[in-house]
Amino acid sequence: MSFPSLHADVQSTYDPAPSLAKPTTAKIGVSASVPKGAGAVGFPVGTDGAIPGEVGLDRAALTAAGFDGKVGQTLVIPRPSSPTFVVFGVGPRAELDAARLRDAAAAFARAACRHPHLAIPMVQADGVKPDAAAQALVEGALLARYRFNSLRRQPDQEPALAELTLVVPGGPKDVQPGIERAGVTTRAVYLARDLANAPATLLTARRMADIAQALAPACGLEVEVFDGDALAKMGCGGMLGVNAGSAEPPRLVKLTYRPKDAQGKAVEPVGNVVLVGKGIMFDSGGISLKPNDLIHATMKTDMSGAAAVLASMTTLKALGCGSTVTGYLMCTDNMPSGAALKLGDVLTIRGGKTVEVQNIDAEGRLVLADGLMLATEQNPRPDAIVDIATLTGACQRALGNSSAGVIGNQQDLVDQVDAAAERTNETVWQLPLDARYRKELDSEIADLKNVGGENAGAITAALFLQEFVADIPWAHLDIAGTARVENDESWRSKGATAFGTRLLIDFLMTFRPPVEEARPQAVH
């Protein structure tokens, strides 16, 4: 099995013209024993339990070398001939779960970073089905070895991972479904990371739309692209207002997936879900200009929400998702110029609600508002709406860089998002939809302002978005803190993480219409 990655096509100069680069591939296989071509072999060792005899060292020797068997620990054992042996920690056996398996496999893959062909043994864990364990191991290894090297004349010394073999003495029968899922989900994460890591000069809103159109046919997606003129006719004042200062025109991309049977005939969907992704291709802050620091330099990843929506939807056909899913990618720059949005301007969002703009750097909620309104107008009525956005620094300050914030108006839906986050180890923390802060969004001249007071910024942003979802069950994912990491962390490679991609895939694959009786954990 191989999975392609979509990289920016780089010419001798920056050429923003849309084209698809040659994919990179990695072969995923299953073998009853370590294949001859493997350059490095991993051996799982916990803080308790037996040590594989092939390692040739006892626990005392491992401890003396500084290896205790904790998750994340590795020890490379020198050998006179290939393959290299790498001991990697899996922690206490009683605590071993899919998340720890994924982290452990990632640590092994990083320790063996100079080898293009790895072999990793199947690790059994109580309470984890073999296919789920296999999926976690493959995901961990593949995601840890991701690198965005498209713009390097001389790629770094670490070779790309060309082949990964899962060693399963009993054969592939029990693990094959998990390996196949891992191939699909990892492909999606690579895509989302490629998109978010690409410089904004290369990945414009127009190019994002072209990429979506190129991917759609093979992924069973219908795609519609709306340009600036169409957005004006649609009354999408949020998108047009944010785009006003940019030389690059905006694009709204609508993706639709409809479930079909093996013969390609439409089937009755389990549910109807709409995803809305923030796609600010570069966020300068507009005339509310961001500081000239490293934070500003990372704003090419401000389209990570849209990347996660696109990437997750490319998997639905392959995985056999039973729900109808619609995705809106709200793509535009936020730039300063003589034509840019000004403080105090009033925008009319689709549907007619007016917004006084008091901070141009709170632009994500303006483009999401148009997308959310479009979601509410769909027929049939959606069972749920989920938006995902690198929205507020306030959420990052509250939760740090390990967990995203989730807020919603319907507890059963929030619980489904939280359960998917738990299964994929893309963790979230629920914040209250505290209605007491709503008055901070009151405007003297419009229906509402786009910002509240100095505090509770993540909550007031969510309250703003709630104004545009009617009474449809809705959940909001604020991934501002989790969208990128500055250093390699477990399966998260330095740079864009594609956080939310695997979470959304899991959520969509397990979705059921929320129970009406479940009410939000809101404060009134």
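In segment 195-211, what residues are touching a Gly at 6+ places or on another chain (Cβ under 9 Å) and farther than 19 Å from Arg484 by Cα?
Let us first name the residues in segment 195-211 that are touching a Gly at 6+ places or on another chain (Cβ under 9 Å), namely 196-197, 205, 208.
Within segment 195-211, Ala205, Met208 meet the criteria.
Kindly provide the set of residues from segment 31-47 that are at pLDDT 95 or above and open to solvent by 50 Å² or more (accessible area, probe 1.4 Å), ordered by number.
Answer for segment 31-47, where residues must be at pLDDT 95 or above and open to solvent by 50 Å² or more (accessible area, probe 1.4 Å): just Thr47.
Residue-by-condition table, conditions (1) crowded, with 16+ Cβ neighbours inside 10 Å; (2) more than 30 Å from Val128 (Cβ to Cβ); (3) in contact with a Ser or Thr (Cβ under 9 Å, 6 or more places away or on another chain):
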{"residue": "Gln411", "(1), (2), (3)": "yes, no, no"}
{"residue": "Gln416", "(1), (2), (3)": "yes, no, yes"}
{"residue": "Ser443", "(1), (2), (3)": "no, yes, yes"}
{"residue": "Gly452", "(1), (2), (3)": "yes, yes, yes"}
{"residue": "Ala458", "(1), (2), (3)": "yes, yes, yes"}
{"residue": "Thr482", "(1), (2), (3)": "yes, no, yes"}
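Restricting to segment 61-97, name every residue that is of a type in the set (Phe, Trp, Tyr) and out of contact with any helix residue (DSSP H, G or I) (no Cβ under 6 Å at 6 or more places or on another chain).
Narrowing segment 61-97 to residues of a type in the set (Phe, Trp, Tyr): 67, 85, 88.
Result: Phe67, Phe85.
Based on what the data block shows, is Cys331 modelled with pLDDT of 95 or more, under 23 Å from Gln213 (Cα atoms) and assigned to a strand (DSSP E or B)?
yes
Consider segment 26-48. How many of its residues are outside any strand (DSSP E or B) and within 27 Å of Gln176 (Cα to Cα)?
9
So if I check each of Val469, Val428, which one is touching a residue at least 24 places away in the same chain (Cβ under 8 Å) and under 19 Å from the mean Cα position of the chain (by Cα)?
Val428
Here is a list: Val123, Val138, Val90. Which entry is among the β-branched types (Val, Ile, Thr) and part of a strand (DSSP E or B)?
Testing whether each residue is among the β-branched types (Val, Ile, Thr) and part of a strand (DSSP E or B) leaves just Val90.
Are there any pairs with C-beta distances below 6 angstrom linking a residue in segment 482-506 that is within 13 Å of Ser402 (Cα to Cα) and assigned to a loop (DSSP other than H, G, I, E, B) to a residue that is of a type in the set (Phe, Trp, Tyr) and open to solvent by less than 30 Å² (accessible area, probe 1.4 Å), with the two at least 6 apart or on different chains, and if so which?
Pairs that qualify, where the first residue is within 13 Å of Ser402 (Cα to Cα) and assigned to a loop (DSSP other than H, G, I, E, B) and the partner is of a type in the set (Phe, Trp, Tyr) and open to solvent by less than 30 Å² (accessible area, probe 1.4 Å), are Thr482/Phe499; Ala483/Phe499.
In this structure, does Ser304 turn out to be touching a Ser or Thr at 6+ places or on another chain (Cβ under 7 Å) and touching a residue at least 40 places away in the same chain (Cβ under 8 Å)?
Yes, satisfied.
Identify the single condition in (1) open to solvent by 30 Å² or more (accessible area, probe 1.4 Å); (2) under 30 Å from Lys494 (Cα atoms) that Cys219 does not satisfy, given that it satisfies every other one.
So the condition that Cys219 fails would be (1).
For segment 113-139, what are the residues that are of a type in the set (A, V, I, L, M) and under 25 Å from the mean Cα position of the chain (by Cα)?
Val128, Ala132, Ala133, Ala134, Ala136, Leu137, Val138
Restrict the check to segment 293-308 and report whether at least one residue is assigned to a loop (DSSP other than H, G, I, E, B) and open to solvent by 10 Å² or more (accessible area, probe 1.4 Å).
Scanning segment 293-308, I find at least one residue that is assigned to a loop (DSSP other than H, G, I, E, B) and open to solvent by 10 Å² or more (accessible area, probe 1.4 Å), so the answer is yes.
Lys290: at pLDDT 95 or above and open to solvent by 10 Å² or more (accessible area, probe 1.4 Å), yes or no?
Criteria not met by Lys290.
Of these, Ile120, Ile77, Ile179, which one is free of Cβ contacts under 8 Å to residues at least 24 places away in the same chain, aliphatic (A, V, I, L, M) and farther than 26 Å from Glu486 by Cβ?
Result: Ile77 is the single residue among Ile120, Ile77, Ile179 that is free of Cβ contacts under 8 Å to residues at least 24 places away in the same chain, aliphatic (A, V, I, L, M) and farther than 26 Å from Glu486 by Cβ.
Give the residues of segment 378-391 that are touching a residue at least 24 places away in the same chain (Cβ under 8 Å) and either part of a helix (DSSP H, G or I) or open to solvent by 10 Å² or more (accessible area, probe 1.4 Å) (or both), sorted by residue number.
Gln378, Pro380, Arg381, Asp383, Thr390, Leu391
Mind checking whether some residue in segment 177-194 is out of contact with any Gly (no Cβ under 9 Å at 6 or more places or on another chain) and not in a helix (DSSP H, G or I)?
No, segment 177-194 contains no residue that is out of contact with any Gly (no Cβ under 9 Å at 6 or more places or on another chain) and not in a helix (DSSP H, G or I).
The values are calculated or read from the model by the stated rules, or taken from the named source; none is laboratory data. Predicted model, so just to flag it, every value in this text is computed and none were measured. Note that each Cβ is placed from the backbone with ideal geometry, even for glycine, and that neighbours are counted across all protein chains shown. Quick note on the areas: whole protein, heavy atoms, side chains included, nothing else; ligands and nucleic acids left out. Shrake-Rupley method; radii C 1.70, N 1.55, O 1.52, S 1.80 Å.
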